[in-house]
Amino acid sequence: MSIRAMNQTILYVVLSVSALLISFPLLFTLSSAFMSSAESASYPPRLLPSGLHWDNFHQVVQTVPVIRFITNSFIVAGAIMLGQLITGSMAAYAFAFLRFPGKALIFSLFLSTMMIPWEVTMIPNYLTVRSWHWLDSYQGLIAPFLASAFGTFLLRQYFLQLPKELFEAAKVDGCGHLRIFAQLVLPLSMPSLATLAVYSFLTNWSNYLWPLLITNKESMRTVQIGIGMLQFEEVTAWNVVMAGIIMMLLPSLILLVIGLKPLVRGITAGALKG
């Protein structure tokens, strides 16, 4: 065996072991979801169930309105994703192609908001939402996240890499900014838009603190809060909890698998030239 083949073999072994270690929590959660109550509470913990106890998932549905929680999370995360795509792409186009006084300063101030911790703005946002009577409502869950400095920065950097000759030719043909934005910039920027869409959806799907803060009705809870509702003070059936986690993770995992290729392509596009 040559040195190069040996190095590749060692590399693949290391990567395989690392992937197994990283995926172990998910695999253990999946295994525990099919265990009986006695197996999930045993010590030392079992790695594999003795059988497939599908009734754990039925018990989750009977214990909490998991379908309602998943629907709420889909509505909230989907609306925020669309909002960030719209506001981020329009703001990025303005910062990339329009000329106006103080553009560099405004863009710097805009980016500086990324350094402000979310916890600092949480109380002012809560007071604003409460004053507008938006507690226990979709608009209260969605509105504070409709704009993203990260999304604007990501799209702006991608827009700046687009060939300037296309925009010069479009202006010669009489295209205005709106037509250039809709028919040139957006179609050419699908990788970065897909990246922002996947990132935004997954980030807001896993949001816990804000829905916990502004929702009191069970009908407005999201999946992250629903997982906590499977735990009780008296006794906790961990097999049921794990089954609930799998049910609530499944939509985001499916989206990640579907959007993984555009996500990687969009993130790496800024590092490639030509």
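The values are calculated or read from the model by the stated rules, or taken from the named source; none is laboratory data. Computed from a predicted model, the values in this text were never measured in an experiment. We place every Cβ from the backbone using ideal geometry, glycine too, and count neighbours over all the protein chains shown. Side chains are part of the model used for accessible areas, which takes the heavy atoms of the whole protein and leaves out ligands, DNA and RNA. Shrake-Rupley method; radii C 1.70, N 1.55, O 1.52, S 1.80 Å.
Hey, how many Å between the Cα centroid of segment 200-242 and the Cα centroid of segment 110-156?
Using only Cα atoms to place each centre, the spacing works out to 20 Å.
R0 = 45 Å: FRET efficiency of W54 with L127, Cβ-based, nearest 0.05? Don't skip to the answer; put the middle values down first.
Values: r = 46 Å, r/R0 = 1.02.
It comes out at approximately 0.45.
If I compute solvent accessible area with a 1.4 Å probe over the protein chains, what percent of it on the chain is carbon and sulfur? Don't skip to the end; give the middle numbers.
Values: 11490 of 16520 Å².
About 70 percent, which is the carbon plus sulfur part of the accessible surface.
Select from the chain the helices, each a whole stretch of DSSP H, whose alpha-carbon atoms run 20 Å or more along the helix axis and whose Kyte-Doolittle mean is at least 1.0; answer none if there are none.
Within the chain the helices that satisfy the rule are 3-33, 66-97, 238-269.
Once you put a point 7 Å from the Cα of V120 and another 7 Å from the Cα of L82, both along the Cβ direction, what distance in nm separates them?
Going by the 7 Å Cα→Cβ label model, 3.2 nm.
Show that you can apply the helix-only estimate: for the chain, add -39,500 (n - 2.57) for every DSSP H stretch of four or more residues, divide by all residues, and state [θ] at 222 nm to the nearest 500.
Numbers: 14 runs with 189 residues, N = 274.
After summing the helix terms and dividing by the residues of the chain, the value is -22000 deg cm²/dmol.
Taking a probe of 1.4 Å, how large is the accessible area per residue of the chain, in Å²? Kindly include the intermediate steps, with their values, before the conclusion.
Working: 16520 Å² over 274 residues.
Value for the chain: 60 Å² per residue.
Counting other Cβ atoms within 10 Å of each Cβ, which trypsin sites (Lys or Arg not before Pro) in segment 39-103 have at most 13 and sit in a DSSP loop? Each step should come with its number before you reach the end.
On the way: sites: R46, R68, R99, K103; in loops: R46, R99.
Here the sparse-neighbourhood loop sites are R99.
May I ask you to give the average projected area over all directions of the convex hull of the Cα atoms of segment 66-113, in nm² rounded to one decimal? Can you show the working numbers first?
Numbers: hull surface 16.1 nm².
Computed as one quarter of the Cα hull surface, the answer is 4.0 nm².
Above 29 Å lies some portion of the pair distances; for the chain, what is it as a whole percent of all C-alpha pairs? Write out the running numbers ahead of the final one.
Working: 18948 of 37401 pairs.
Summing the P(r) of the chain above 29 Å gives 51 percent of all pairs.
Give the longest segment of the chain that steers clear of chymotrypsin sites (Phe, Trp or Tyr not before Pro) in DSSP loops with at most 15 neighbouring Cβ atoms within 10 Å, not counting the sites themselves. Don't skip to the answer; put the middle values down first.
On the way: sites that count: W54, W132, Y208, F232.
Looking at the chain, 55-131 is the longest stretch - no exposed chymotrypsin sites (Phe, Trp or Tyr not before Pro) with at most 15 other Cβ atoms within 10 Å.
Under 15 Å from a point 7 Å along the Cα-to-Cβ line of L146: which residues of segment 80-106 have their amide N that close?
80-91
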